[in-house]
Structure formats: structure tokens, C-alpha cells
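The values are calculated or read from the model by the stated rules, or taken from the named source; none is laboratory data. Remember, predicted model here, so these are calculated numbers, not experimental data. Cβ: placed from backbone, ideal geometry, glycine included. Neighbour counts: every protein chain shown.
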């Protein structure tokens with residue numbers, strides 16, 4: 001590999017990560033504004049013009065606050081789990097099929113599944129190492145929920161992968177030139193969207209952070225920088241999941257205005273659901289996954305396997 005290629009990759013990755021962090025900042029602002037208007041109030045409007053600088057002032061405030069160290073916590077696990085969580089949520093972004101960078105992932109989907117699976121451990125360790133009953137309960141709930149929905153998520157992904165017979169994300173764009181996959185797979189895409197919400201611990205599946213039940217869930221003992229990193233990891237995942245849905249079901253990755261509008265609409269949908277729906281009951285959440293989504297995804301998987309065999313032969 002030429003040295004210039006290496007420089008190109010490093011600069012591309014840095015630009016990507018800075019772009020993701022700025023995008024996350026404005027996604028947080030968008031959420032606070034939309035929730036404000038849903039609840040018939042203004043939302044943040046003091047710092048900067050119409051509150052545009054609010055996320056940045058929040059970040060400065062959080063990272064300059066004093067870090068609280070617990071006497072009875074498992075120190076290294078407690079300290080490093082938010083950092084690992086944040087790094088994993090940024091690593092997933094490397095699999096996006098850029099037109100201008102030297103990185104390409106032929107096994108992009110497998111990389112995504114590996115990173116999301118490892119992300120479960122950070123939640124578990126964050127909840128356990130705090131040595132608080134509330135955070136331990138939040139961590140256990142998060143793990144049970146995320147592991148359950150990962151099964152249906154990967155099976156739903158398999159249906160789309162069987163259609164294109166490739167793990168590379170750029171292929172989704174080539175196969176959706178004439179018709180979007182969402183038109184062919186409406187029930188599957190809706191299952192996928194709600195599984196993404198469960199995977200990112202969002203309302204109505206936010207049992208890991210059930211404020212009314214667990215005070216604040218697995219992150220209750222975190223303050224300042226640790227809390228900020230957990231927060232950034234969650235919103236980075238939301239942005240990525242919106243992007244993943246657009247790539248798989250709504251026309252693939254093509255850099256035009258429509259692509260960005262679709263992405264913003266899906267991010268808006270995540271927030272809209274949070275402002276509208278109440279929290280689900282925990283047993284109903286598990287029932288939905290194992291008794292509804294799993295049979296549907298398995299049946300569709302068999303259907304698309306049969307369809308592919310007919311098309312091949």
C-alpha cells in the first residue's frame with residue numbers, strides 16, 4: 001500500500017468521526033426541540049440562535065465537571081466501559097461504503113453484527129461494576145433485551161442478504177435501482193425498525209434506563225465524562241441504525257439530497273416514537289420478540305431462500 005493511500009484512509013476516518021460527532025450533537029438538539037414541541041413548549045432556546053449551541057455547551061459542561069469515583073465500585077471496569085462503548089459505536093461507522101475513501105468492507109454486515117454483539121458487554125459491565133442494585137438491574141435488563149432482539153435482527157438481515165447474496169453494503173444500492181426492498185418486504189422492514197429501537201434501548205423499549213422504575217438504569221452512578229460518553233454512544237448508534245435502514249430498505253447509499261432526507265426522517269421517527277408511545281411491559285417485550293418477530297423472520301427467510309432458488313434455476 002502506498003503511503004499516500006494510508007494518509008488518505010487516516011484523514012477520511014478522522015473526517016468521518018468528526019462528522020459523526022457533529023451529527024450526534026445536532027441530533028440531540030433535534031430531539032430536545034421536537035420533544036419540546038410535542039409537549040407544547042419551546043425546548044432549548046437560550047444558548048446561541050434558537051438554541052443551536054446548546055449541545056456544545058452541554059458537552060463542555062459535562063466534560064469539565066468533576067468525576068465521581070465510587071468507593072465500592074470495580075474501578076477499572078467502571079471507568080473503561082463507557083470508553084469502550086463509545087469506541088464500538090464509532091467503529092461501526094467504518095463499514096459505510098464511502099465513494100471517496102480507500103476502505104471497503106466485503107463483510108460489512110458481519111462486522112456490524114460483531115460490533116453490536118460486543119456492545120452488550122459494555123452495558124453489562126457498566127451496570128455490574130457500579131456495585132449498585134439499580135444499575136445492576138438496568139444492566140441485566142439491557143442484556144436480556146439486546147440478546148433477544150439480536151436474534152430476530154440477524155435473521156431479518158439474512159433475508160436481505162439472501163436477496164443480493166453479498167455482505168457488502170455497496171451492493172444494496174446496485175440491487176435497489178429499480179425497486180426499493182421496503183416495497184418487497186414491508187412486514188420485515190417494520191419488524192426490523194422496531195428491533196432497531198429495542199437494540200438501541202429507545203422508547204418504547206427503554207427498560208435499561210427506566211427512569212420511573214430504576215431511577216436511571218445502568219448509568220445511574222455515572223457523572224460528567226462517563227455519562228457523556230454513554231450518551232454519545234447511544235445517539236451515535238441511533239444515527240447509524242437510521243442509516244442502516246436507509247441502506248438496506250430504502251434505496252441504498254447514494255449521496256444525493258433524497259438520501260439525506262430519508263436519513264433525517266428516520267432519525268426524526270425515532271424521536272417521534274419517544275414523544276408519543278409509553279413504555280412497553282417487560283414480559284410483553286420478550287413475548288413480542290420470541291413469539292412474533294422470530295416466527296415472522298424465520299418464515300420470510302425460508303420464503304426468500306425458495307424465491308432465490310427459483311430465480312437461480
Query - Scan of the stretch 273-285 for residues that are out of contact with any helix residue (DSSP H, G or I) (no Cβ under 6 Å at 6 or more places or on another chain), loosely packed, with under 15 Cβ neighbours inside 10 Å and part of a helix (DSSP H, G or I), ordered by number - result: 276, 283, 284
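Go through the stretch 179-214 and count every residue that is surrounded by fewer than 16 Cβ atoms within 10 Å (Cβ to Cβ) and at pLDDT below 80.
First, pick out the residues of the stretch 179-214 that are surrounded by fewer than 16 Cβ atoms within 10 Å (Cβ to Cβ): 179, 183, 186-187, 190, 211-213.
Those left that are additionally at pLDDT below 80: 211-213.
Count: 3.
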Report task. Would you check if residue 221 is modelled with pLDDT under 85 and either closer than 18 Å to residue 152 by Cα or under 21 Å from the mean Cα position of the chain (by Cα) (or both)? Result -> no
Query raised in the report: For the stretch 155-178, how many residues are surrounded by 18 or more Cβ atoms within 10 Å (Cβ to Cβ) and under 22 Å from residue 290 (Cβ atoms)?
Result: 5
Query raised in the report: Got at least one residue in the stretch 39-49 being part of a helix (DSSP H, G or I) and either in contact (Cβ under 8 Å) with a residue 60 or more places away in the chain or surrounded by 11 or more Cβ atoms within 10 Å (Cβ to Cβ) (or both)?
Result: no
Requested in this report: Identify the single condition in (1) modelled with pLDDT under 85; (2) farther than 16 Å from residue 203 by Cα; (3) part of a helix (DSSP H, G or I); (4) touching a helix residue (DSSP H, G or I) at 6+ places or on another chain (Cβ under 7 Å) that residue 262 does not satisfy, given that it satisfies every other one.
Outcome: (1)
Query raised in the report: What helices (runs of 4 or more DSSP H) lie completely within the stretch 144-205 and have 3 or more residues being in contact (Cβ under 8 Å) with a residue 40 or more places away in the chain and farther than 28 Å from residue 275 by Cβ?
Result: 170-175
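From 97, 55, grab the single residue that is at pLDDT below 90, crowded, with 16+ Cβ neighbours inside 10 Å and either more than 18 Å from residue 263 (Cα to Cα) or touching a strand residue (DSSP E or B) at 6+ places or on another chain (Cβ under 6 Å) (or both). It would help to see each step written out before you state the result.
On the way: 97 fails: either more than 18 Å from residue 263 (Cα to Cα) or touching a strand residue (DSSP E or B) at 6+ places or on another chain (Cβ under 6 Å) (or both).
Only one candidate passes the filter, namely 55.
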Requested in this report: Determine the pairs where a residue that is over 18 Å from residue 105 (Cα atoms), located within the stretch 9-20, has a partner that is at pLDDT 85 or above with Cβ atoms under 8 Å apart, the partner being 6 or more residues away or on another chain.
Outcome: 20/90; 20/93; 20/236; 20/239
Query raised in the report: Somewhere in the stretch 21-32, is a residue out of contact with any strand residue (DSSP E or B) (no Cβ under 6 Å at 6 or more places or on another chain), modelled with pLDDT of 85 or more and outside any helix (DSSP H, G or I)?
Result: no
